[in-house]
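Colleague: Mind having a look at this structure? Questions to follow.
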Amino acid sequence: MRIALVLLVLAAAPAVAQPSATSVVEAWRTDWRRSAQGLAGIDVREEAEWTIDGPRGRTVVEADGRIRYSRGIPERDLDRVLVNGREVPADRGRGQGQRWQRAFGPAGREVHAPPLLPLALLGTAEPDRIEADREAGVAAWRVGFDSPAGRAEAWFTRSGAPHLLRVRTEGERPRGGRFMRDVRYARVRGLDLPVRAEATFTVRQRRRLRDYLVTLRADATYTGHTLR
């Protein structure tokens, strides 16, 4: 009897309409632009670890520093850099992105770079699908679309003013490699800002008539967000 009553109540309850992908993304964009009015820049603390696995073994670079977003473009200033556990001049860490680009193409620099602010990635991307999902235990809308960085999926809270929870981008890169970046966000004064970012680029290279699989990885956390 109780089961029948519960089923009857559920059947009579109004269904929650699923919004369009475009309406969710536009609501988030509108909220971001309103919250960003008058904003000069954003500063965050960064703790990052970059690794390269290849024919010469593994190299691990650890760094602490600051990221400054001015007009949405991230600039990195490193305070301390360790290479395989040994401290090196911070300038060496700052030049790592250029070295990776020379060795592995543009994706090498892309792995090393801090994540863009989400509006720079999603501001003009065209959403093309939406489905109900959960992200970190939160009811979410998962929206898929093509972005300048490749195929992307973004998770937004199911609310009238959606919060961005996560963005995952992946796609092919020059020289036959595959790139993936996964960024998680937290809301700070009305803006969804990166708190954790992971990136991977895998490419096959040929040396001395042998093929090698080389993998670049980045794992970074961001704290102490300051809006100016």
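The values are calculated or read from the model by the stated rules, or taken from the named source; none is laboratory data. As the structure is a computational prediction, the values presented were derived from the model and not from experiment. Cβ coordinates were reconstructed from backbone atoms using ideal geometry, including for glycine residues, and neighbour counts include every protein chain displayed. Ligands, DNA and RNA are excluded from the accessible area calculation, which covers all protein heavy atoms including side chains. Shrake-Rupley method; radii C 1.70, N 1.55, O 1.52, S 1.80 Å.
Colleague: Determine which single condition ILE130 fails, assuming it passes every other condition in (1) of a type in the set (A, V, I, L, M); (2) over 16 Å from THR30 (Cα atoms); (3) under 13 Å from the mean Cα position of the chain (by Cα); (4) open to solvent by 10 Å² or more (accessible area, probe 1.4 Å).
Modeller: Checking ILE130 against (1) of a type in the set (A, V, I, L, M); (2) over 16 Å from THR30 (Cα atoms); (3) under 13 Å from the mean Cα position of the chain (by Cα); (4) open to solvent by 10 Å² or more (accessible area, probe 1.4 Å), the one that fails is (3).
Colleague: Would you mention how many residues in segment 200-224 are open to solvent by 40 Å² or more (accessible area, probe 1.4 Å) and either of a type in the set (Ser, Thr, Tyr) or modelled with pLDDT of 90 or more (or both)?
Modeller: Here the count works out to 7.
Colleague: If we keep just the residues of segment 72-108 that are closer than 16 Å to PRO194 by Cα and modelled with pLDDT under 90, which is surrounded by the fewest Cβ atoms within 10 Å (Cβ to Cβ)?
Modeller: Per the stated criteria, the residue is ILE73.
Colleague: Give segment 15-55 a look and list any residue that's among the acidic types (Asp, Glu) and either surrounded by 17 or more Cβ atoms within 10 Å (Cβ to Cβ) or modelled with pLDDT of 95 or more (or both), or say none.
Modeller: Initial filter on segment 15-55 (among the acidic types (Asp, Glu)): 26, 31, 43, 46-47, 49, 53.
Within segment 15-55, GLU26, ASP31, ASP43, GLU46, GLU47, GLU49 qualify.
Colleague: Within segment 114-127, can you find the residues that are at pLDDT 90 or above and under 14 Å from the mean Cα position of the chain (by Cα)?
Modeller: Passing the criteria: PRO114, PRO115, LEU116, LEU117, PRO118, LEU119, ALA120, LEU122.
Colleague: Can you tell me which residue within segment 187-199, out of those that are open to solvent by less than 40 Å² (accessible area, probe 1.4 Å) and out of contact with any Phe, Trp or Tyr (no Cβ under 7 Å at 6 or more places or on another chain), is nearest to GLU110 (Cα to Cα)? Working first, answer last.
Modeller: So in segment 187-199, the residues open to solvent by less than 40 Å² (accessible area, probe 1.4 Å) come out as 188, 190-194, 197, 199.
If we keep only those that are out of contact with any Phe, Trp or Tyr (no Cβ under 7 Å at 6 or more places or on another chain) as well, we get 188, 190, 197, 199.
Values: VAL188: 25, GLY190: 27, ALA197: 12, ALA199: 9 Å.
Step by step, filter segment 187-199, then rank; the result is ALA199.
Colleague: Then there's this: Residues VAL111, VAL167: which one is hydrophobic (A, V, I, L, M, F, W, C), at pLDDT 95 or above and surrounded by 13 or more Cβ atoms within 10 Å (Cβ to Cβ)?
Modeller: Answer to the check: VAL167.
Colleague: Can you name the residue in segment 137-160 that is small (Gly, Ala, Ser), at pLDDT below 95 and outside any loop (DSSP other than H, G, I, E, B) and, of all such residues, is surrounded by the most Cβ atoms within 10 Å (Cβ to Cβ)?
Modeller: Ranking the qualifying residues of segment 137-160, first place goes to ALA152.
Colleague: Which one of these is more than 17 Å from the chain's Cα centre (by Cα) and of a type in the set (D, E, K, R): ARG151, ARG166, ARG158?
Modeller: Exactly one residue qualifies, and that residue is ARG158.
Colleague: Residues of segment 102-132 being among the aliphatic types (A, V, I, L, M) and within 25 Å of ARG142 (Cα to Cα), which ones?
Modeller: VAL111, LEU116, LEU117, LEU119, ALA120, LEU121, LEU122, ALA125, ILE130, ALA132
Colleague: For segment 76-90, state whether one or more residues are part of a helix (DSSP H, G or I) and more than 30 Å from PRO19 (Cβ to Cβ). It would help to see each step written out before you state the result.
Modeller: First pass over segment 76-90, keeping only residues part of a helix (DSSP H, G or I): 90.
If we keep only those that are more than 30 Å from PRO19 (Cβ to Cβ) as well, we get 90.
Scanning segment 76-90 turns up at least one residue that is part of a helix (DSSP H, G or I) and more than 30 Å from PRO19 (Cβ to Cβ).
Colleague: On the basis of being at positive phi and small (Gly, Ala, Ser), does GLY85 make the cut?
Modeller: yes
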